[in-house]
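The values are calculated or read from the model by the stated rules, or taken from the named source; none is laboratory data. Quick caveat: nothing in here was measured; it's all calculated off a predicted structure. For neighbour counting, all protein chains shown are included, and Cβ atoms are generated from backbone atoms with ideal geometry for every residue, glycine included. Heavy atoms of the whole protein, side chains included, go into the accessibility calculation; ligands, DNA and RNA do not. Shrake-Rupley method; radii C 1.70, N 1.55, O 1.52, S 1.80 Å.
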Amino acid sequence: MKIEATPNLNDEVLGLIVFKSRLVDPRDHLESWKQEDEFPCSWSYIECDNDNHRVTAVALDGLGLTGKLVVKGLEKLQFLRELSLAGNNFFGGVDPEFFRLQNLENLNVSNNNLSGNVPFSVSTLPNLQFLDFSGNLISGSLPDNLFDNCSSLRYLSFAGNRLDGQIPISLRRCSVLNHLNLSSNRFSGDPDFAHRIWTLTSVESLDLSNNMLSGSIPGGISEFLNLKHIDLHGNQLSGSIPEDLGLCQHMNQIDWSKNQLSNEIPESLQMLKELRFLNLSSNLLTGNFPEWIDQMSSLEYLDFSNNGLSGTLPSSMAALKSLVFLSLSNNKFTGAIPGSLTESSSLSVVRLSRNRFNGSIPENLFNQSLDELNLSRNELSGSIPPASNKLMDSIKVLDVSANYLSGRIPAEMGLLSKLTYLNLSYNQLKSNLPSEFGYFPNLTVLDLRRSRLIGLIPRDICESDRLNILQLDGNSLSGHIPHEIGNCSSLFLL
């Protein structure tokens, strides 16, 4: 009978020293790793089991280590469960020796400069639960058999590499996977959601964004009983949004922007009571703005911009009391901007440009603590409302250009101390320039073109030492150009 020799504890010391010898450690983070030590458990970045004193984890994240990543020596660590080398400068191909570490449960080599193809099968690591190769330069396609035996895998990320081809069909075998991120690669073709993706029913977070995936998104997404986050933005997906998306009751974030999705937004989305983030921008969606939006009262971020949506905005938007970000730009909306839009005290960004809104600007909009307000390129009329103290203390970007606004420019607009961008151009103001316009301490762009302005140019209009662009052409201003403008060293467009 053959008896296997049990490795000495010192084998782990020697194994780690061999591994260290191939690393470049410019800051001497591994100075405590000494060959003469009997045990490695007191070394920096090493964890051991309290009972048998064997090494269970090597965590060298963010130490500035460099060199070609060769894991020779680590096979001596027969109890190693976690190997984390993220955030260093390792380069070269993926060492196949990684996959001789049979007890490994957690492998993280993210945010390095590893390159070449993926040469391995996860099935060689039967206990692997966490695998992160994101933020490298890995290229080629993933092998078809990569996930033939991934029954323990719970977290998988190859995000931010140069992978191409199709998503392997063997991925469907990862039955307990709860986090999948293949974003920012070059995967292409139809991902076959029905047979490769929707079968991963334990997934809570799914990110396939910024690839070149095409085809339609079929029904079946409701099989994800615990799905909370799905990001498909930046692909070439087409067809309708599946009706059963609204049955994912735990969903809190959806980003399907920058695709070619068409038809109407399904009514079933109103059942997503926990949804906080919804981005369907830059698609081909049509139909009216959802009247049932009040049922989604948890929304904090809503972006339907760059579609073909039409109709008026419903007063039911008043129910969105948690809303922080709203963008409906570049659609075909008409009618008045509802005053109920301002019911959310958290509202920070409002973008309604490039529509056909008419009527006056709701005064309540200028009584909010907004960071950005863009109402440009509509059919708004009436005067610019006076700014409240709240707006004075918060607004950074204000654009009401290309409307039919008239009347005087409110003098208190010059007191918007945080303002960096102000555009009132292409209106019918017939107003003097308030002398207070010299008070903007942070202004970089002031665009007042073709607004029928009259009177003198204030001498201190260039008082801000950050002003880059000043445009006053196409008005009826009189008098001399103040010589003080010549002292505006930051100005590059006049």
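Solvent-accessible surface (1.4 Å probe) assigned to C48 amounts to roughly 30 Å². Both the radius of gyration and Dmax for region 170-299 are 13.8, 42 Å, in that order, over alpha-carbon atoms. Label sites at D61 and S202, each approximated as a point 7 angstrom past Cα along Cα to Cβ, lie 2.2 nm apart. The long axis of helix 9-21 is offset from the longest Cα principal axis of the chain by roughly 50 degrees.
Given Cα pairs under 8 Å that are at least 6 residues apart, what percent is the relative contact order of region 131-187? Relative contact order for region 131-187 comes out at 42 percent. Exposed loop sites here mean GluC sites (Glu not before Pro) with a DSSP loop assignment and at most 14 other beta-carbon atoms within 10 Å; the chain contains its longest site-free run at 39-263. Accessible surface comparison of D399, D190, probe 1.4 Å, protein chains only, largest first: the order is D190, D399.
Normalised by 2.2 N^0.38 Å, with N the number of residues, the alpha-carbon radius of gyration of the chain equals 1.28.
Per residue, the accessible area of the chain comes to 43 Å², computed with a 1.4 Å probe over protein heavy atoms only.
For the chain, with all protein chains present and a 1.4 Å probe, just round the carbon and sulfur fraction of the accessible area to a whole percent. On the chain, the fraction of accessible area on carbon and sulfur atoms equals 44 percent.
For the pair region 62-86 and region 88-145, the centres of their Cα atoms are 12 angstrom apart. Cross-link reach is defined here as a Cα-Cα straight distance under 22 Å, omitting same-chain residues fewer than 8 places apart; for K76 the lysines meeting it are K2, K20, K34, K68. Counting only DSSP beta bridges whose two residues both lie in the chain, roughly 5 percent are antiparallel.
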